[in-house]
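I have placed the structure first, in the form of structure tokens, so that the comments after it can refer back to it.
The values are calculated or read from the model by the stated rules, or taken from the named source; none is laboratory data. All values derive from a computational prediction rather than experimental measurement. Glycine gets a Cβ as well: all are built from the backbone with ideal geometry, and neighbour counts include every protein chain shown.
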């Protein structure tokens, strides 16, 4: 009977010992489990008698995320070094800085791979022909669409008294609606700039003692080119009494709102940020614009007192966003952060 009793007791105790306790905890004694202490962790359900000690990043690494009770410290190689993912990372290796003669860069150095080089990629003549043909067709379709909208607008407003000359040109409203249909002007920054243009037009007619003809608005009086080869961007300076770095930091929200979000990495590379900087920025909420904001913060930290809003504005035309740079400059002036430099 005594043997049977011991067997029954073992059966009662067996489920407890066969259990796996939640990650971030450890088995304190035979009856309970406790959460891990500071600088300790367990990543998986377990029955350990104590938690594991957190990792400390090496001198050739940077800390990507700190240690928490359910995850060890996350480390990564510093800029310009890498570790192959299928090898133990005992020491980060230096990346190549250039490709051999006759080869071009196929992929930049990352935390997990060296600089990738290879022969130049040749585009076949048939592929080039297809690309050119499609581009020409798109340009022709866009031109036809503009002509149709222009004719409809002119017919609707022909002979509108003193506004007859203006009515033969597409107004700002028609242009904005066309761009919105094409998916170009569809963010919050454009709406703010458009409202500012309307206020300036109303003020202009009030000063001249004229009345705005119904259905007709003045065209922009200072149109700018988005061609990066043409220097049209006027320099901005902080408003009197303003802290340049503080105002630059406040202007980041305007850049985030106006620059198309898919272009944020290309913008960061044009600002000479490393791939590691972009990787760290991307660790934030990927479903919002937070990585874009963190990328601008990383650029500001690197530049320090040399950082200038003009650097950001002059970089945008280099990646084909000159029009966006103009709208951002107008919005920063409207908000009272900056003003044009007086020559």
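Structure notes:
- Subset of the range 238-268 that is free of Cβ contacts under 8 Å to residues at least 40 places away in the same chain and in contact with a helix residue (DSSP H, G or I) (Cβ under 6 Å, 6 or more places away or on another chain) - its residue that is surrounded by the fewest Cβ atoms within 10 Å (Cβ to Cβ): 265
- Within the range 86-103, the set of residues being farther than 21 Å from residue 282 by Cβ and in contact with a strand residue (DSSP E or B) (Cβ under 7 Å, 6 or more places away or on another chain) comprises 93, 94, 99, 100, 103.
- Strands (runs of 3 or more DSSP E) contained entirely in the range 64-139, each with at least 2 residues that are within 30 Å of residue 294 (Cβ to Cβ): 74-77, 104-107
- Count of residues meeting criterion [surrounded by 14 or more Cβ atoms within 10 Å (Cβ to Cβ) and under 19 Å from residue 36 (Cβ atoms)] in the range 54-67: 3
- Of the residues contained in the range 67-75, none is found to be modelled with pLDDT of 90 or more, closer than 30 Å to residue 120 by Cα and touching a strand residue (DSSP E or B) at 6+ places or on another chain (Cβ under 6 Å).
- Positions within the range 311-343 being touching a residue at least 60 places away in the same chain (Cβ under 8 Å), surrounded by fewer than 17 Cβ atoms within 10 Å (Cβ to Cβ) and under 20 Å from residue 246 (Cβ atoms), in sequence order: 333, 334, 335, 336, 339, 340, 341
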